[in-house]
Each structure stands twice: as structure tokens, then as C-alpha cells.
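A quick write-up on the structure given underneath.
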Amino acid sequence: MESDSTEIYVKAPWGNIAVVSWYEGSSEPVLMVHGRQDSAATFVPLVSHLPRTRQYVAVDLPGNGRSDSFPKGIMIQRYHFIAVIDYVIKHFGWKSCVYLAHSMGCEIGLFYNAVWPGVISRFVHLDAGPSFQRLQQSYNDYERHFHNYYSNYRRYNSDDSKVYTRRKALDAVMRARKMNEEQAAVILSRVLVKIGEDRYRMSWDPRMKTIVPQNLTNEGNIKLFTRDKIPSLLITMSEGHGGNLRGKDGADQLIRAMMEADNFREVVLSGQHDYHVTHAEEVAKYVVDFLDNKSCDIKCKI
């Protein structure tokens, strides 16, 4: 896959946004956006099973992978990433694109569309449910994020001092994300920074651990997310929540409202949150079917 990819850096006021581009197909391009504390590498297994008729561009969000962080000091809010999507789309000069994302990346795209409607032609949401659960927070939860951040300001604005051997880094990812060693190595390929002989740090900005969620009501999110009726595929994982059920009722309500559109499909698969990595070939079949417009108007639950 590396031989088929091109590393590109998009200029932004705070630094560079790293993106990976695959292929130069003539069909509409696909923008790929990862979730919290991840990188463009999360899409490498999936892209290997997608047709070369499209250009696929995966982003390292600021503070993740090889992208520069947002300026030190500010507390990162999920809204900040909306501008990143705009910079990338404008860099490539796209008038429209498919938006494929995992977890938090899904909500970023939905909010982007609320600000810049008409650019995203289709959505592919990979296990958006856990991210939607984080939208179900009260004002007190919102306030607690600020209290936690400013009470630990130095820690969040210092480089992560934790050092790993490559073996320990692999084991940590395998354990946390339920992957085999080969898959974990792909995930780490854009994250590990060598600082000595078998000594590594992760490139994640510590602030990625405490990103402030949006503070809209669920009713407000429903109005924004259902306004434009964009053809959408949601692949939901049965164990994607990892046992954390807080906010799930609200997230389910949001998804039900989105499913009322005739051009919204949901596929429910048995598995965990990173299924697009661990079972990329299976996920790719649904993505290709949707993008090829086969059964696009049929709601599907498996």
C-alpha cells in the first residue's frame, strides 16, 4: 500500500495538515477522517480493498499522526476540526466529495456539512454511535471538561513523556483496540516517533485525551444532521460501545431520526469499534456497494 500512496502536507495557519492520497481515479474523490487519537493509517486496510476508480485522501487531524498540533494553550474542541476539513477540500479544489469517517470523524463531517452544505455528496459513517454518545452531555459535563483542562494545564500542554519499546507499543494497541500484531503495526506506522534505540513516543497531542464535545441539545443535533437528506451509509458495530452505555439512548434517538430519510441505510454487524481495520474486506463490500449506487434506496439491517 505504501508504494501506491502519496504523502501531502496541506498548509494551515497553525502548521501542516498531513494527508495520505491513494490512486487518481476519475470518479468522485473520497475524503477519509479518523476518530479520536488515531490517524490516517486506520484506513490503510480498507483502502486496499476499494476500487482504484477513485482518489482516496485520508487526513491526520491536528495533534494526531504526522500533522502539526493546534497552538499550545487552547483547549481543543471538536468544532476546531471542522476548519481542517475545509482546508483539505479547498487544497484539492474539490467541488464535491464522498465523506467516509470513523467514530468522531463522522460527527465532524456532519457539522462541516451544516456550515458548508452542498460539498459532501454522500456519507459513509463507520460506527458513529460511540461518538454520538459523547454528544449526549449535559452542561455540567461540558463545564467539567474545562475544569479538568485548566486544572491540569501544564500536563496537557507538555509533550507526552511516556516512552515505549516497540514491543510495548504494539502490545498496548493490540490490547486496547483488540487487534492482531500486523494490524497494530499499521496503526502505529504514523504515530510512533523514535527517540533512541528501541525507544519511542506516541505523536498524539495530550489534549486529544480531553477534547471538549459540542454543547448542543440532541434536538439541535437532529435538526442539523437531518436537514439536507444526503445519501448515507451507517455501519454500526454491535459491540462498538465497548460496554459504555452512557448517552446511548440519545445516540440511538439521533440515529433513528437520521434513518427516517429514504436514502439512509444502516448495516449492523457483529463486532467491535475497529472492525473496519480488523475485518476491512467485509466492510469494504458494503462501502463499494453503496458508492456504486446498488440498493442505495434500501434500508438494510443485518
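FYI, it's all coordinate maths here, none of it is from the lab. None of the values given here were measured: they were computed from a predicted structure. Methodologically, a virtual Cβ is constructed for each residue, glycine included, from the backbone with ideal geometry; neighbour enumeration extends over all protein chains shown.
Here are some notes:
- Over the C-alpha atoms of segment 30-178, the Rg to Rh ratio, Rh being the Kirkwood estimate, stands at 0.98.
- Over the chain, relative contact order from alpha-carbon pairs under 8 Å, at least 6 apart, %: 20
- Given R0 = 45 Å, the distance between the Cβ atoms of Thr217 and His91 translates into a calculated FRET efficiency of 0.85.
- Calculated [222 nm] ellipticity per residue, helices only, for the chain: -10000 deg cm²/dmol; basis is -39500 (n - 2.57) per DSSP H run with n ≥ 4, divided by all residues, nearest 500.
- In terms of surrounding Cβ atoms within a 10 Å radius of their Cβ, Ser96, Ser131, Ser138 rank from fewest to most as Ser138, Ser96, Ser131.
- Remark: Ser203, Ser232 ranked as Ser203, Ser232, counting other beta-carbon atoms within 10 Å and listing the fewest first.
- Vicinal HN-Hα couplings computed from phi for segment 180-196 (Karplus, 6.51 cos²θ - 1.76 cosθ + 1.60; Hz; Gly/Pro x): 7, 5, 4, 5, 5, 5, 5, 4, 6, 4, 10, 10, 6, 10, 6, 10, x
- Residues of segment 4-47 with amide N under 12 Å of the 7 Å Cα→Cβ point at Ala83: 12-15
- Which of Arg154, Arg167 has the fewest Cβ neighbours within 10 Å, and the rest in rising order: Arg154, Arg167
- Stretch gain in nm, segment Arg256-Tyr139, where the contour uses 0.36 nm per residue and the Cα spacing is subtracted: 39.7 nm
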